[in-house]
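The values are calculated or read from the model by the stated rules, or taken from the named source; none is laboratory data. Predicted model, so just to flag it, every value in this text is computed and none were measured. Please note: Cβ atoms are built from the backbone with ideal geometry, for glycine as well, and neighbour counts cover all protein chains shown.
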Amino acid sequence: MSVFDAFSLAPADLNKLCRGILALRAPSAQSQWSTIFAEDFAQNFGIGRSTIGDNLLNWGFCADDTNVLILIDGVKSADGARGVVDGYSGGLLDGFRNPTNQVLERAASDLCTQMNGLGLWRGSNTLLAGYSGGGAVAPLTPIYRTVTRANGPAVRVVSFGAPRASGLTGTNNMAEIAQKERYFFYNDPIAAFPLRSGTYTYLPFMIGIRAARRWGEFVHHRSGIQIEENGGFNNVNDPEGVAINGQMAWGVWWFGLQSTILTPHNLQTYADAFPSAPTTARTHTQRSHTPQERPESLPTSEMNRQERVAVNAFADLQQQQSAIQIRIPPARLVRAYRQGRTWFVDFGGVAIMSTPSRRRAQGMAREMNATLRRMQQTAIVDTGALETQLAEYLRLASDPTSGFQPTLNTRFPA
């Protein structure tokens, strides 16, 4: 049994691929690969690692004269995730039909170029395995190679929790790949990304009609193998247990492509879904595959209708929140108090700021309480995004190299 067997791969091999991608996050990746893939290569096989797409993704390889394995991790930062999302929306001159995500395309081209330089389009078999954003790049990469399918190695691609990679033409060009498999959990939101307004009718309101039309034209390269709640497998295009409301959608867009907080998208969770003990059982191959996914292609009139419905629902929600009298328990409000000659700002029973100025302490308490009251009457507050962004702001504001002036002072001077 080997990761280079024809698909469908055995569970133990899928487990090895997930662990191999996880190893990219550790300094000891090469050492771990020597153990994980010892049975898949000749002795003393080549190993290396690098980054692609302006440091967007980590990738690595294991290779001998016959077999080449490429491992690609997910997006590394929130900024990278935002870049990928912007790539789905495109620029003003990009059309709606048959779109490409230029961020993912550049990463795929970069990976192919590096593989050429390292002589990795060789041997008899090449397997590209990717997670999340890396799973979207994996099937795009072989399109950029100069050698044809007939003259080059047999290429296979397997992905875990991958979003849609390209429009219909791009997926048709993936016929260059001999075999493809993509796995996702029934409740993994990234496998449903980019979202479609036919399913999430608030989308034209949240991101605009133009971006929503473009998002709906991206397709998966083939039907997927869904990991169900009971551990079984089923062949469908999109995860069947995902319900992304407007509040969660913002978290998905900003952080989802690298998510470790969205449990069903966690790579370790994928590794745990496949037994590590060798077995020949491949129960998911007994199901028939669903048809190739098609673009959504909704007309502008339908997008306009969805936007109106979403705006009305949003306005109704705002009205409901505004009609309720604000009540925040006093212990949860911010207050300014003096101790000796120093003023403190207290939030929830904890002193969060100190100053010698009464005006500054009382002004801070007043403004923070006004913010808290406004949030209570706002239509939607994404608490996860608020917490994450506030933590990131405080981190940067305390960093002398971040551009904030003056730097947030967090320590009493020595």
All-but-one check, Ala23 against (1) more than 20 Å from the chain's Cα centre (by Cα); (2) surrounded by 18 or more Cβ atoms within 10 Å (Cβ to Cβ), failing number (1)
Being at pLDDT 90 or above and small (Gly, Ala, Ser) is the filter here; which residues of segment 4-27 pass it? Ala12, Gly20, Ala23, Ala26
Unmet criterion (only one of (1) more than 26 Å from Gly90 (Cα to Cα); (2) assigned to a loop (DSSP other than H, G, I, E, B)) for Arg164: (1)
Residues (touching a strand residue (DSSP E or B) at 6+ places or on another chain (Cβ under 7 Å) and surrounded by fewer than 24 Cβ atoms within 10 Å (Cβ to Cβ)) located in segment 157-170: Gly167, Leu168, Gly170
Could you grab me the full set of residues in segment 178-199 that are assigned to a loop (DSSP other than H, G, I, E, B) and surrounded by fewer than 22 Cβ atoms within 10 Å (Cβ to Cβ)? Ala178, Tyr186, Asn187, Arg196, Gly198, Thr199
If a residue must be closer than 17 Å to Asp79 by Cα and basic (Lys, Arg), how many such residues does segment 370-414 contain? 1
Note on Thr378: of the conditions (1) in contact (Cβ under 8 Å) with a residue 60 or more places away in the chain; (2) surrounded by 14 or more Cβ atoms within 10 Å (Cβ to Cβ), unmet is (2)
Hey, does segment 63-84 have a residue that's in contact with a helix residue (DSSP H, G or I) (Cβ under 7 Å, 6 or more places away or on another chain), under 23 Å from Val155 (Cα atoms) and of a type in the set (Asp, Glu)? yes
Elements of type helices (runs of 4 or more DSSP H) contained in segment 1-105, each with 1 or more residues being of a type in the set (Phe, Trp, Tyr) and in the same structural domain as Met206 (by TED's automatic domain parsing): 29-36, 78-89
The number of residues in segment 61-94 that are touching a residue at least 24 places away in the same chain (Cβ under 8 Å) and either more than 18 Å from Gln389 (Cα to Cα) or of a type in the set (A, V, I, L, M, F, W, C) (or both) is 23
Looking at segment 381-408 only, could you name the residues that are part of a loop (DSSP other than H, G, I, E, B) and either modelled with pLDDT under 85 or surrounded by 11 or more Cβ atoms within 10 Å (Cβ to Cβ) (or both)? Val381, Asp382, Ser398, Asp399, Ser402, Phe404, Thr407, Leu408
Within the set of pairs 6+ apart or on separate chains, which have a first residue in segment 128-157 that is at positive phi, a second that is part of a strand (DSSP E or B), and C-beta atoms under 7 Å apart? Ser132/Gly74; Ser132/Val75
Among Ile244, Ile209, which is within 18 Å of the chain's Cα centre (by Cα) and surrounded by fewer than 22 Cβ atoms within 10 Å (Cβ to Cβ)? Ile244
Could you list all residues from segment 126-156 that are within 27 Å of Arg214 (Cβ to Cβ), at pLDDT 95 or above, in contact with a strand residue (DSSP E or B) (Cβ under 6 Å, 6 or more places away or on another chain) and not in a helix (DSSP H, G or I)? Leu128, Gly130, Tyr131, Ala138, Pro139
Could you check segment 184-206 and list, in sequence order, the residues that are under 24 Å from Thr169 (Cα atoms) and more than 16 Å from the chain's Cα centre (by Cα)? Arg196, Ser197, Gly198, Thr199
